[in-house]
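Working notes for the structure below.
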Amino acid sequence: MIPRVRRIAAVCALGAALAACGSADPAGSARPAPAESRASASPSASRPPVLAPGPGGLTPVFEHGPRTLGKTVALTFDADMTADQGPRAAAGEHFDNPDLIGALRQLKVPATIFMTGRWADEYPIEARSLGNDPQFEVANHSYSHHAFTADCYGLPTIAADKMRADVERAYASLHQAGVPHALPYFRFPGGCYDQRALRALSGLGVTAVQWDVVSGDAFATDAGAVTRQVLDGVKPGSVVIMHCTRSAAPTTERVVRAVVPALRGRGYRFVKVSDLIGESAGHR
Ligand SMILES: [Zn+2]
């Protein structure tokens with residue numbers, strides 16, 4: 001019984017974590033000033049734009065691009081895999097989603113992938129392919145997918161003095177997998193952060209990237225409902241959160257195939273997160 005109970009608990013924890021990626025702002029999270037007023041342009045075209053740090057070098061947080069610079073939207077996909085899911089992958093569970101990436105390529109949709117280091121360890125060929133395809137940009141979603149605050153939807157919590165090392169370990173895993181230029185953008189697992197977490201990562205030079213549109217693709221079975229939620233939520237400059245894992249987000253490819261033509265029909269153009277941050281920089 002105990003192993004069975006443990007397995008259920010683990011599944012629930014992952015479920016909560018993924019659902020958290022589609023939830024509203026967690027209670028107690030930091031609410032920094034609007035990104036638009038704090039963006040800074042990169043001096044070099046080859047270096048991705050980042051937001052200027054907050055007071056005391058605090059890690060800046062980006063939620064969406066300008067609302068008044070035309071109809072652009074960024075689709076983001078979290079490649080989640082928690083540190084303890086290796087045995088499940090070995091048993092045949094798929095935490096990747098090659099058909100989703102294939103659909104994005106077929107539809108010529110630029111996208112930003114927030115990849116955990118554990119995912120890159122498990123799927124190095126896919127990680128390398130994404131990291132070397134100019135249609136995509138690969139950013140950091142932690143190594144372990146543990147929470148950076150307490151009470152983050154049941155995720156195990158990482159200690160404050162381990163946070164920076166976890167993010168650095170993820171960059172090391174991405175690099176080892178063959179992602180040559182992972183972006184200086186970090187998405188908190190579950191989207192959970194507070195001042196302490198932002199402080200712990202200050203000095204890394206990363207911009208934390210949240211979102212303003214929840215797709216609700218985590219554990220969804222009704223692609224139509226997810227599609228409607230995205231189409232109802234997108235505004236100019238929006239950042240949409242979705243997932244790149246067959247295990248926990250099995251409808252996402254179908255959602256993308258429906259959402260992309262619908263938004264293009266409304267005049268939207270798909271861009272990467274770096275494009276939106278760059279637009280914010282020019283908007284100041
Ligand atoms: Zn995640």
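What follows is calculated from the coordinates using simple rules that are stated; it is not laboratory data. What you see is a predicted model, and the numbers here were worked out from it, not measured in a lab. Cβ coordinates were reconstructed from backbone atoms using ideal geometry, including for glycine residues, and neighbour counts include every protein chain displayed.
Could you list, in sequence order, the residues of the stretch 196-214 that are farther than 18 Å from Asp161 by Cβ and either among the small types (Gly, Ala, Ser) or without any contact (Cβ under 8 Å) to a residue 12 or more places away in the chain (or both)?
The answer is Gly205, Ala208.
One residue is enough: does the stretch 215-232 have a residue meeting the conditions in contact (Cβ under 8 Å) with a residue 24 or more places away in the chain, more than 16 Å from the ligand (Cβ to nearest atom), buried (at least 23 other Cβ atoms within 10 Å of the Cβ) and within 26 Å of Pro53 (Cβ to Cβ)?
no
Within the stretch 137-153, can one find any residue that is away from the ligand (no atom under 13 Å from the Cβ) and farther than 18 Å from Cys192 by Cβ?
Yes.
Looking only at the stretch 71-127, which residues are within 16 Å of the ligand (Cβ to nearest atom), of a type in the set (S, T, N, Q) and more than 19 Å from Ser274 (Cβ to Cβ)?
Passing the criteria: Thr82, Gln85, Asn97, Thr116.
Do you know which of the residues in the stretch 267-277 that are of a type outside the set (Phe, Trp, Tyr) and within 12 Å of Gly70 (Cβ to Cβ) is surrounded by the fewest Cβ atoms within 10 Å (Cβ to Cβ)?
Per the stated criteria, the residue is Gly267.
Within the stretch 198-224, count every residue that is among the small types (Gly, Ala, Ser) and under 24 Å from Leu183 (Cα atoms).
The total comes to 6.
Of all residues in the stretch 235-250 being buried (at least 23 other Cβ atoms within 10 Å of the Cβ) and away from the ligand (no atom under 16 Å from the Cβ), which is farthest from the chain's Cα centre (by Cα)?
Here the residue is Gly237.
Among the strands (runs of 3 or more DSSP E) confined wholly to the stretch 170-284, which include 3 or more residues that are among the hydrophobic types (A, V, I, L, M, F, W, C)?
The qualifying strands (runs of 3 or more DSSP E) are 238-243.
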